[in-house]
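Everything below concerns the one structure shown next.
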Amino acid sequence: MLDIILAEILVAAIITFFVGRKLAAIIAMAVSILPLIALLDWASLYGFNIIHLGIEKSISIPIAGVSLNLAITPLGWFFALMIIPLFPAIMLFSYSFYKKNDGFYPFMLLALLSSIGIIMAKDMLTFFLFWEMMSWSSFLLVYRSRDKEAVMSYFIFSSLSAFLIFLGILIIYQQNASLLLSSINIESNAYGVVAIISLIAGFAIKSVLMPLHAWAPYVYSKSDEPFVAFLAGGLSKLGYYGMFLILFILAGAKVLETYFTNLSPNYILAVFGALSAFIATLIAFMQDDMRKLLAYSSIGQLGYIAIGFGIGTPLAVSGALFQAFNHAFFKAVLFLAAGAVAYRTGKWKISELGGVGYRMPFTFMATLFAIFTLAAIPITSGFAAKWLLYESAIDAKYIFVAPIMLIAGVGAFLYSFRILYGVFLGENRYPNIKEAPKSMVAAMFILVMPLLIFLIFPGYMLDMMHDALISGNIATLNHNAFVIETSLASYNTIAVIVALMIALIPAILIYKTRKHRVVDFMDNYLAGELPELYDNKISMHAASRFYKPIEEIIGPYFEPGTMSYYMAIYRGLKAISDAVRKIYTGKAGDYAIYVTLFLLIIMGWFIWM
Amino acid sequence: MIEFTIMAWILALLAAAAAIYAVETKDLISSAIAMGVASLVVSIMFLLLQAPDVAITEASIGAGITMAVFVYAIGKTGRWEE
Amino acid sequence: MIWAMYFAVAVLLTAGLYGVITKKNLMKVFISLSIMETGVNLLLITIGYIPGGTAPIENGNFAKYVDPVPQALVLTAIVIGVSVTALALSLLIMYHSKAGTLEYKEGMKW
Amino acid sequence: MRKLAGIVIAGIFFISMMMLFYHLPASHDLSSNEYYYRNPINGSVANESIPEHYIKYTKNETGAVNAVTAIVVEYRGFDTLGEVTVLFTAATGVSFLLSLAVRGRKREEANLILKEGSKLVLPFILLTGAYIFIHGHLTPGGGFPGGSVVASGFLLMMLAYPKFFMKDRISWFESAAGTAFVVIGLLGLVLATSFLQNFIPVGTPGQLVSAGIIPLIYIAIGFKVGSELSAIVNKMKEVQG
């Protein structure tokens, strides 16, 4: 069955290359239904008896003398559950998004194929082959943007990632003489540690952990939104899949702990995650481009997963996986919503948008819910995930990480507010646009559904990840459908909902009783200050530099940007290369002398041996 | 076989002299012609080494066409080396 | 006889090498390279020679043949050599029509 | 300074070259161990060296009397195709580079004796060239020597008649010959088992019509080399300095 899935996606990728845009979208959507059905069937393995078709669970495909071993592992199943469902919805969205079929669908299908291959891989070679396939198919999708910075940075960082992963795999092979995940045992010596660190760094590039994130803002903000939705939602999770594999299933975390007896490297991972969450959040609310804002928001939200993996307690890892699942869906919805807004208005800059929500109410609703989840407003599933993470950080006494996470959580609300108010509410600048096409709206609402389900039943999420955690030697939390019990406290959905209701009552009362009037946009309370013009718009509007005071305080610290450090490395390398190049004088005679000296050495060696 | 050996040494000295002249002279046309002479001598040496196929090729190409190509090119660029 | 051939090879290679190292005229450099090429061809054929052997052509009375493999190699190498020389010379002609000279100058990259 | 360095390096090179030759195996016996064929992959050693095999079996395997021809066309036919491709590429490069320069220049006429003499000699040179490449499998020579002889015949004409010009016919010859080579190779793939394999009966060794596809391919190579080299020389002559 697995081979049929892979084969049909491959065949569909070839077919979609030749057919028209609508047919291509339908084909792409149709072929992604089969893995989805298979996924639901495989659920019976891990506690959810949804359908039972008796589909095969593992396979070896011999190709050119090497066999690709694929199997459904609990971890792979959980990650498949968060990556594959994105695909049909995104295809539904792009059904009306694209004006012509110019290579989007084939490479998207290849990206889907390779991500299935990655999460089902039973040995490291298969993993690496599909990883490379994922890298180049997504590179070609990035290349469609024709943006030099995006293309170059994605290419360089992808190559670096592939190099680091390959290095790690080679060291592991050298130690074990086997690449099967089941028989790998990483030794606790310098080589093993180098392998683990290089693998984690390679995966961190794909999952945009902070010092290695430099490609993401360019790529996320310049590529097509449906692809970015899949990239940010789905493909970035593959990096965390790899990290989970190395840290817990192959027991890399324990290896690191035993090797560095006096220092916990996992703590460093958590700190990187926390810095990622904190700094990216601060940068995010200074952005004017909606897609760039979402890109930094992605970096920040994905940082939480690294924090969870770094802390490594059952509570933290559960929270991290929960956060990964939520992020896949809400970030896909947000990027799709950005695409829908741009589809109707042609604008991405928040300062040029405004009032879109009045004309596109369904898009607004989907975005609103996604943003609630993103900002971890209570009762959403995002709140549950962050609750577990905060609690784990406090429980593990990570006194540096926990406060940073809390600040970043507030920051997430600040920038999501900009999207809500600056893009969808406020001055109605686009009175003549229509609601996004039905397929786009449908796609966004399909993606919101899982978030709603896990809002009410957060326990189901823990059920789903139960076997994955067990396979990584991590205990699971006590829970039922509504209540998650932890060592400090317990998270009870019903209690939260009731509390929120009670809190809402005064809010509603105030809203109802207080007399309010609709004010003109120009009728703002300037408090005596002269309206400062910014792009011919009055600066008090949320759309234009809403957080100007904060920007002025913290902005200078982020002025150089991460890219400048990479540029410094580049300049250093260039200086070294120029020095080496001095040998090449440009005189034929000099080259002849070099060659002759080399020959003389060889001849001398032959003569006097 | 001694006559072959003597002939080979004579040819070798001829080739050596032609090659050294070709490298040392300032007149590029003479240089190209000396190179052709060296090629021709070497083609006779190929014959002595029992390689008739190579000898024919070297005679017509090394002594003929390469030299012609060089002479044409020198005619386009300039005869004297500074 | 072999030693005469080896001597010729060594002189041809050395003369060509000396020309390439010291000469500043590009045309002279190519002439030197051509001489070296002849030397290399001669060396290959000489290595394949067997004292007392005849040319590798079956003539009924089988005696002792020289090694045919270097001959086949050199046969094509000569033809390739002349065409590549012609290519290089046409580049030189182009260069001359742009720069007006073939002498090496400081700062010239090629 | 540079001259001194050149003399020193060249002197050392000369001395070490001679010492290296001194260390080469003195008796070039094909059956000595160093010529044995060792398979680089599995380390197995064959019973006979490659030259020995060629000398012993060429006549029976290919029907060609001339072992060099058999190696060039039959045993190493694919390499020869590559070499012909290099030749073609170089000729194309020459013609492209020189087409950028201005061409055509008035030259003075050669004297009468050269003109009439070359007119007289040209047929014989062409005949010799054709003989060489047609009899490539029987006598010394073949496509490469024959083609170069033909080209030197045209070179003589170019020297004698400044207005002698090869026109476009030459490229027709060249492409026809190249195509013939590839088509014969592909026929080998179709009619026999692999590219450039012999698919014609070998015949009696020593006859003109024998040795399967070797004469055909060598004739094609002869035409190709001849036209290619003529074209190169023609281009070099036509360009204005």
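Worth a mention:
- Sorted by Cβ neighbour density within 10 Å, fewest at the top, the residues C:Lys64, A:Lys397, B:Lys76: A:Lys397, C:Lys64, B:Lys76
- Stokes-Einstein translational diffusion, region A:462-521 - Kirkwood Rh over all Cα pairs, 0.890 mPa s, 25 °C, in µm²/s: 161 µm²/s
- Stokes-Einstein diffusion for chain A at 4 °C, viscosity 1.567 mPa s, with a Kirkwood radius from C-alpha pairs, works out to 50 µm²/s.
- Residue-averaged [θ]222 nm for the protein assembly as shown, counting only DSSP H segments that reach four residues, each worth -39500 (n - 2.57): -22000 deg cm²/dmol
- Available extension along the chain between A:Val194 and A:Ile156 is 11.5 nm, counting 0.36 nm per residue and deducting the alpha carbon span.
- Measuring between alpha carbons in the structure, the pairs from A:Lys582/C:Lys105; B:Lys26/D:Lys237; A:Lys99/A:Lys434; B:Lys76/C:Lys24; C:Lys105/D:Lys237 lying more than 25 angstrom apart are C:Lys105/D:Lys237.
- If R0 equals 56 Å, the separation of the Cβ atoms of A:Ala442 and A:Lys582 corresponds to a calculated FRET efficiency of about 0.30.
- Cα→Cβ-extended label distance, 7 Å offset, between A:Ile407 and A:Glu132, nm: 4.4 nm
- Taking the centroid of alpha carbons for each part, region A:385-424 and region A:426-462 are 22 Å apart.
- Ordered by the number of other Cβ atoms lying within 10 Å of each residue's own Cβ, fewest first, A:His213, A:His516, D:His137 fall into the sequence A:His516, A:His213, D:His137.
- Other residues whose C-beta falls under 15 angstrom from the C-beta of A:Gly103 contribute a net charge of +3, scoring Lys and Arg +1 and Asp and Glu -1.
- Shielding score for D:2-13, defined as the mean number of other chain Cβ atoms within 10 Å: 6
- Within 10 Å of the Cβ of each residue in A:591-602, the mean number of Cβ atoms contributed by other protein chains is 4.
- Around the Cα centre of region A:148-501, unit charges on the Cβ atoms of Lys, Arg, Asp and Glu (plus for the first two, minus for the last two) sum to a dipole of about 880 debye.
- Computed over all pairs of different Cα atoms, the Kirkwood value for the hydrodynamic radius of region D:64-238 is 17.2 Å.
- Rounded to the nearest 20 debye, the dipole size of chain A about its Cα centre is 1260 debye, using +1 on the Cβ of Lys and Arg and -1 on the Cβ of Asp and Glu.
- Peptides B:33-40, A:352-359, D:228-235 ranked from most to least packed give D:228-235, B:33-40, A:352-359, packing being the mean of other C-beta atoms within 10 angstrom over each peptide's residues.
- Charge dipole (the protein assembly as shown, unit charges on Cβ, about Cα centre) - positive-most of A:Ala253, A:Ser137, A:Asn428: A:Asn428
- FRET efficiency estimate (nearest 0.05) - Cβ-Cβ, D:Asn60 to A:Met609, R0 45 angstrom: 0.65
- With 0.36 nm allotted per residue and the present C-alpha distance subtracted, the A:Phe260-A:Ala507 stretch has 83.6 nm of extension available.
- Net charge of neighbours whose Cβ lies under 12 Å from the Cβ of D:Gly212, counting Lys and Arg as +1 and Asp and Glu as -1: -2
- Separation of the D:Phe165 and D:Thr85 label points, Cα + 7 Å toward Cβ, nm: 3.4 nm
- Among A:19-26, A:376-383, sorting by the average number of other beta carbon atoms lying within 10 angstrom of each residue, highest first, gives A:376-383, A:19-26.
- Residue order, fewest to most surrounding Cβ atoms within 10 angstrom, among D:Asp79, A:Asp467: D:Asp79, A:Asp467
- Shielding value for D:65-78 is 5, the average number of Cβ atoms from other chains within 10 Å of each residue's Cβ.
Read the figures in this text as sums done on the coordinates, not as results from a lab. Please read these numbers as outputs of a predicted model, since none were measured by experiment. Using ideal geometry, Cβ is built from the backbone for each residue, glycine included, and neighbour counts are taken over all protein chains shown.
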